[in-house]
Amino acid sequence: MEKLIITAAICGAEVTKEQNPAVPYTIEEMVREAKSAYDNGAAVIHVHVREDDGTPTQSKERFKVVLDAIYKEVPDVIVIPSTGGAVGMSAEERLQPTELFPEMATLDCGTCNFGDEVFENTVPMMRAFGKRMLENNIKPEYECFEMGHLDTILRLAQKGEVPGGPMQFNFVLGVFGCTPATTENLAWLVRNIPEGSTWTATGIGRHAFPLAMAAIAMGGNVRVGFEDNLYLSKGVLAKSNGELVAKVVRMANELGREIATPAEARRILSLPQK
Ligand code: KMH
Ligand code: ZN
């Protein structure tokens with residue numbers, strides 16, 4: 001089995017300091033959380049950015065400052081900026097971090113319910129995001145929140161409207177309103193990705209670690225972090241993203257799965273070495 005790539009989604013757009021005081025907003029807090037995740041075994045950091053007061057933003061300038069600060073502290077880590085942003089943002093707003101030519105960025109694979117709201121990703125929007133990533137040579141991480149998202153993105157990839165293989169998928173399961181975080185659903189998704197693809201599983205809330213365990217056993221990769229889950233265990237808030245990553249490392253150790261360094265993750269994800 002390949003080594004395990006751990007992604008830390010350190011901040012997200014929805015979670016707040018009221019829910020967990022360790023959620024990062026400022027540049028310094030973002031660097032602190034990226035470093036704690038990296039030091040504990042994360043090869044990849046998935047980044048959303050906030051204003052200092054916590055307001056989610058997709059500002060290119062804010063992304064540049066945050067990405068530069070993270071790379072200064074942990075130069076070899078793979079950073080995947082979000083093009084999902086927060087619910088309600090326009091496509092143009094969301095595309096801003098692609099102007100910084102990151103090696104990867106998320107590409108969300110369809111419209112879905114998102115709690116009480118609707119996360120809009122129409123097919124024309126996905127075509128526009130795919131076109132931008134083709135032009136700027138950015139490898140997408142295809143985020144699927146629903147079973148049908150996989151079929152949608154595979155059709156667009158077949159037509160060359162979004163970047164093709166080898167594709168990297170992130171199956172985000174357990175968002176309220178979307179596909180539940182069951183091992184059956186994860187297995188169906190993994191069975192239906194093209195040969196040679198790579199994949200990551202993200203379980204939301206209390207599903208974070210059970211889904212991580214399934215992904216470790218199945219040979220996939222794992223995402224954890226405050227974006228997805230604020231707790232280390234039932235009723236115990238995580239003090240840092242590093243604590244969440246460290247728990248995944250312990251689980252992988254128990255199953256005999258080694259952890260990928262950023263250089264190993266770049267090889268597994270078919271990215272050029274830095
Ligand atoms: N904040 C969510 C509505 C992504 O990063 O691409 C969407 C999201 C997806 O987090
Ligand atoms: Zn995200």
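The values are calculated or read from the model by the stated rules, or taken from the named source; none is laboratory data. A quick note: this is a predicted structure, and the numbers were derived from the prediction, not measured. Neighbour counts are summed over all protein chains in view; Cβ atoms, including those assigned to glycine, are modelled from backbone coordinates with ideal geometry. For accessibility, only protein heavy atoms count, side chains too; no ligands or nucleic acids. Shrake-Rupley method; radii C 1.70, N 1.55, O 1.52, S 1.80 Å.
Placing +1 on each Lys and Arg Cβ and -1 on each Asp and Glu Cβ, with no other charges, gives the chain a dipole about its Cα centre of roughly 640 debye. Think of the chain as a dipole: +1 on every Lys or Arg Cβ, -1 on every Asp or Glu Cβ, centred on the Cα centre; then among N40, M125, A252, A252 lies furthest on the positive end.
Computed over neighbours whose Cβ is under 13 Å from that of T83, the net charge equals -2, Lys and Arg +1, Asp and Glu -1.
Extension gain, A187 to V118: 0.36 nm times the residue separation minus the Cα-Cα distance gives 22.3 nm. Lys/Arg Cβ at +1, Asp/Glu Cβ at -1, dipole of the stretch 43-183 taken about the Cα centre: which of A86, I70, M167 is farthest positive-ward? Result: M167, furthest along the dipole toward the positive end. Projected label points at L255 and E28, each 7 Å from Cα along the beta carbon direction, are separated by 3.9 nanometres. For the chain, modelled as a GNM whose springs connect Cα atoms under 10 angstrom apart, the maximal fluctuation among A43, A187, A105 occurs at A187.
Expressed as a whole percent, the accessible surface of the stretch 168-213 that belongs to carbon and sulfur atoms is 59, based on a 1.4 Å probe.
Applying the Karplus relation 6.51 cos²θ - 1.76 cosθ + 1.60 with θ = phi - 60° to the stretch 76-81 yields 3J(HN,Hα) values of 9, 5, 8, 10, 10, x Hz, where x marks Gly and Pro.
Local charge sum around N192 (other residues, Cβ-Cβ under 15 Å, Lys/Arg +1, Asp/Glu -1)?
-2
Bridgeable lysines around K35 (alpha carbons under 24 Å apart, same-chain partners fewer than 8 residues away excluded): K3, K17, K60, K64, K72, K139, K239, K247, K274. In this rough spin-label picture, where each label sits 7 Å from Cα along the Cβ direction, the R155-L271 distance is 3.0 nm.
About its Cα centre, the dipole of the stretch 137-274 is roughly 280 debye, where the only charges are +1 on Lys and Arg Cβ and -1 on Asp and Glu Cβ. The H on the amide N of I80, modeled in the peptide plane, is under 5 Å from the matching H of I45, H46, V47, each at least 5 residues off or on a different chain. Restriction of the GluC sites (Glu not before Pro) in the stretch 178-274 to DSSP coil positions whose beta-carbon has at most 11 other beta-carbons within 10 angstrom yields E195. Proximity of backbone amide H atoms, modeled 1.01 Å from N, is registered between A105 and K139, E141 at under 5 Å, excluding neighbours fewer than 5 places apart on the same chain.
With all protein chains kept in place, the per residue accessible area of the chain amounts to 42 square angstrom at a probe of 1.4 angstrom.
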